[in-house]
Amino acid sequence: MKHALNLAMAAAIGLMPIAAGAQSMSPMRGEVNSFTDAFAVRVFPANPYDQKIRVEIHVYDQDFQPVDAKISPSVFQLGSQASRPVLVVVPFGGADGRKVRICTESIPFPNQQTQIKAQICGKFFGHRKS
Amino acid sequence: MPLFRTAFGAALLVACLDDAAMATTQNVIFNGTVTATCTLVVATNGTMTASPDLQSLSSHNSGGSAGTATLTTTGGVSLSVDPVTLTTVPAADSTATTWTPTYSASGTHTIAETGASTALTVPGADLVSVHLAGTKGGSNRFATGNYQATVTLRCE
């Protein structure tokens with residue numbers, strides 16, 4: 001049993017970088033149960049470009065209004081083909097549940113006449129348990 | 001006697017290598033989960049040019065070009081553009097401009113040019129073209145100088 005558990009852990013750890021590295025942000029959907037006044041989500045933004053890019057993480061509500069969440073880190077440089085974890089802690093604000101969008105944003109080629117900002121947003125639902 | 005022992009040992013060894021033991025197999029199970037994902041890779045930014053009457057500054061005009069991005073998704077996501085909020089205009093331009101971002105896509109999904117959200121239900125890859133048009137009404141005209149605008153292309 002212990003051996004099987006070790007095998008499962010090894011498989012999970014081995015799969016994590018592959019899953020994270022192949023996407024611009026993962027996961028893009030999630031539901032979280034929390035027994036506190038906030039819920040936490042860990043996302044993995046990834047840089048699919050062959051160059052270093054500046055990445056910003058923002059949290060919005062369903063109407064795309066900013067949510068006062070703690071994001072660690074919220075702005076960072078990400079190397080080519082790299083991925084890194086970002087921890088987002090969202091307060092319930094007195095509600096029993098909260099739907100938020102966690103978005104990875106970047107402008108890969110700044111200082112051009114018409115810039116394109118790529119935004120990948122995941123939808124997450126936090127449930128407050130008592 | 002030694003010969004007998006050797007022969008007996010060899011016979012025992014051959015007996016141990018029976019067909020049943022040779023044919024034993026064990027399945028190794030592989031599991032994998034692919035969740036809804038979307039990757040946007042911006043390839044080129046766009047270029048806007050002015051119309052002869054100077055009331056349009058657009059990537060659709062002659063000499064203008066769309067921005068492009070490649071999209072790869074598992075499906076179960078939607079693609080959209082945001083209203084333009086980040087613009088830089090020359091000081092000589094003091095009149096209002098209406099900015100209209102649109103996009104189209106070709107590849108797995110065929111999306112005619114639109115400014116609305118489009119659901120991408122099936123997995124695949126697409127080339128997304130992003131256009132931006134600025135217009136002025138009445139007697140207003142675009143002025144000499146550099147204009148810059150940012151279009152947000154969203155996959156969620």
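The values are calculated or read from the model by the stated rules, or taken from the named source; none is laboratory data. Given the structure is predicted, the values throughout are model-derived calculations rather than measurements. For neighbour counting, all protein chains shown are included, and Cβ atoms are generated from backbone atoms with ideal geometry for every residue, glycine included. When the accessible area is computed, the model is the full protein with side chains, heavy atoms only, and any ligands, DNA or RNA have been set aside. Shrake-Rupley method; radii C 1.70, N 1.55, O 1.52, S 1.80 Å.
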>> Can you pull out every residue in region B:116-128 that is surrounded by 13 or more Cβ atoms within 10 Å (Cβ to Cβ) and assigned to a loop (DSSP other than H, G, I, E, B)?
In response: B:PRO123
> Just wondering, is there one or more residues in region A:65-83 that are facing chain B (nearest Cβ under 10 Å), outside any loop (DSSP other than H, G, I, E, B) and under 26 Å from B:THR68 (Cβ atoms)?
Replying inline: no
>> Just to be sure before I move on: is B:THR33 closer than 30 Å to A:GLY122 by Cα, modelled with pLDDT under 90 and within 9 Å of chain A (Cβ to nearest Cβ) in the structure I sent?
In response: yes
> Which residues, counting only those in region B:42-84, are more than 10 Å from chain A (Cβ to nearest Cβ), outside any strand (DSSP E or B) and closer than 22 Å to B:ALA119 by Cα?
Replying inline: B:GLY75, B:PRO83
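Restricting to region A:26-41, count the residues that are within 14 Å of chain B (Cβ to nearest Cβ) and over 14 Å from B:THR39 (Cβ atoms).
Looking only at that region, the number is 4.
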>> Among (1) at pLDDT below 95; (2) within 14 Å of another protein chain (Cβ to nearest Cβ), there is one condition A:ILE120 misses while meeting the rest; what is its number?
In response: (1)
>> I want to confirm something. Restricting to region A:84-116 and keeping residues that are without any contact (Cβ under 8 Å) to a residue 24 or more places away in the chain and more than 10 Å from chain B (Cβ to nearest Cβ), which single residue is surrounded by the most Cβ atoms within 10 Å (Cβ to Cβ)?
In response: A:GLY93
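For the condition of a type outside the set (Phe, Trp, Tyr), touching an Asp or Glu at 6+ places or on another chain (Cβ under 6 Å) and open to solvent by 20 Å² or more (accessible area, probe 1.4 Å), what is the one hit in B:ALA91, B:ALA143, B:ALA66, B:ALA50?
B:ALA143
Taking only region B:129-138 into account, find how many residues are more than 14 Å from B:THR97 (Cβ to Cβ) and surrounded by fewer than 22 Cβ atoms within 10 Å (Cβ to Cβ).
As a first pass, look at region B:129-138 and keep what is more than 14 Å from B:THR97 (Cβ to Cβ): B:129-131.
This time we only want the ones that are surrounded by fewer than 22 Cβ atoms within 10 Å (Cβ to Cβ), so: B:129.
Total meeting the criteria: 1.
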